[in-house]
Amino acid sequence: QKEVEQDPGPLSVPEGAIVSLNCTYSNSAFQYFMWYRQYSRKGPELLMYTYSSGNKEDGRFTAQVDKSSKYISLFIRDSQPSDSATYLCAMIAQAGTALIFGKGTTLSVSS
Amino acid sequence: SQTIHQWPATLVQPVGSPLSLECTVEGTSNPNLYWYRQAAGRGLQLLFYSVGIGQISSEVPQNLSASRPQDRQFILSSKKLLLSDSGFYLCAWSVGVAKNIQYFGAGTRLSVL
């Protein structure tokens, strides 16, 4: 079983839709969870960072962590064409250890 | 504010040639530095990380090496490139109490032909 599983998509939605991106993980030692957005041929950009179970909101983005189920989600409200990118989940047990990435979900938002 | 620079952005090299990719971080001191490779459909793979000058840890045995000659400089090298070294190379940094949060550079796209 891979440490982090992420559906690669592609996921296509119309502008204004609510998008749900998900990752599951197997290592219960993971404590810190991140979502990165990567545009084509660019480096990943940090979107959200969470530590505890529950929800964290930042504008149109909400990150959700359920440690009991080993499941994390990123919700995008009122999706825009500029949200079209690959979204990577990442998690780490503690500083100094490897940041483990999912393979990314490619999202396309059409106008 | 902190910024990270990577160069070159794109590189095409013949098999068997040497490689040197450079990464520098500005606006911070004593960062943790990382080299990743991103191959199509395979996600990000950590290659090397460094917690200080001259301190390099390798995650994956391979044809590459890394060096940290200065606090904010991280270099990825190879003496002889292989076709399998092609990919998107990313440098990242983290610092301070949130050393688990990593920030990435723009990347170098390497094609070995």
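The values are calculated or read from the model by the stated rules, or taken from the named source; none is laboratory data. As the structure is a prediction and not an experimental result, all values here were calculated from the model. Heads up, the Cβs are rebuilt from the backbone with ideal geometry, glycines too, and the neighbour counts pull from every protein chain shown.
State all residues of the range A:25-46 that are crowded, with 18+ Cβ neighbours inside 10 Å and part of a strand (DSSP E or B); if no residue qualifies, say none.
Result: A:Tyr25, A:Tyr32, A:Phe33, A:Met34, A:Trp35, A:Tyr36, A:Arg37, A:Gln38.
Please specify each residue of the range A:51-90 satisfying the condition of being touching a Leu at 6+ places or on another chain (Cβ under 9 Å), under 24 Å from B:Tyr103 (Cβ atoms) and small (Gly, Ala, Ser).
Hits for the range A:51-90 are A:Ala63, A:Ser73, A:Ser84, A:Ala85, A:Ala90.
Which one is farthest from the other protein chains (Cβ to nearest Cβ) among residues in the range A:77-111 that are part of a strand (DSSP E or B) and among the β-branched types (Val, Ile, Thr)?
Among those residues, the one meeting the criterion is A:Val109.
Kindly list, by first and then second residue, each pair from a residue in the range A:86-111 that is surrounded by fewer than 20 Cβ atoms within 10 Å (Cβ to Cβ) to a residue that is modelled with pLDDT of 95 or more and assigned to a loop (DSSP other than H, G, I, E, B), limited to pairs with Cβ atoms under 6 Å and residues at least 6 apart or on different chains.
Taking only residues 6 or more apart or on different chains, the pairs are A:Ser108/A:Ser84; A:Ser111/A:Glu15.
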